[in-house]
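Here, each number is a calculation from the coordinates, and none is a lab measurement. Note that the structure is a prediction, hence the values are computed from the model and not measured. Glycine also receives a Cβ, built like all others from the backbone with ideal geometry; neighbour counts cover every protein chain displayed.
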Amino acid sequence: MSDITDVDDQRAEGLKAWGWVSYLLHLIVAVGAVIPGAQPGAALLLIALVIDLVKKGDAQGTWQASHYAWRIRTVLWAGVLYVLTAPLWALFLLPGWIAWGLISIWFLYRIVLGMVTMNQSRAINA
């Protein structure tokens, strides 16, 4: 019985470590999106998304599964919102800047909320 618990504990810690890597990559991108001229690029976001997609299955049945789903949904929604508001940049500079600024702040909020919740070893309710 103790061996099973040890394996589950190791699995949980491994998933949490991958979760931290993903959250930190997301955080770098989110801060870069909010600070003008500090764009770290989409590569970090794609790396984080791939980590989440690959490890999501391993997290199934644990409290960490909610965090993997949270990060994936956050990236997908932000991407959709950026694409939908992209025409505002072409038509009017200020509305595009405002829209993308609000999306970026929302993205940063979700990443920080997820990090705080994961640090408490709790599932995130979406």
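Things worth noting here:
- Which labelled figure in (1) 31.4, 90; (2) 13.7, 44; (3) 16.6, 64 is Rg and Dmax of the Cα atoms in Å, once derived from the coordinates: (3)
- The chain: calculated mean residue ellipticity at 222 nm from DSSP helix runs of at least 4, using -39500 (n - 2.57): -29500 deg cm²/dmol
- In a reduced charge model with +1 at each Lys and Arg Cβ and -1 at each Asp and Glu Cβ, the chain shows a dipole moment near 440 debye about its Cα centre.
- C-alpha long axis of helix 93-119 to longest principal axis of the chain, angle in °: 10
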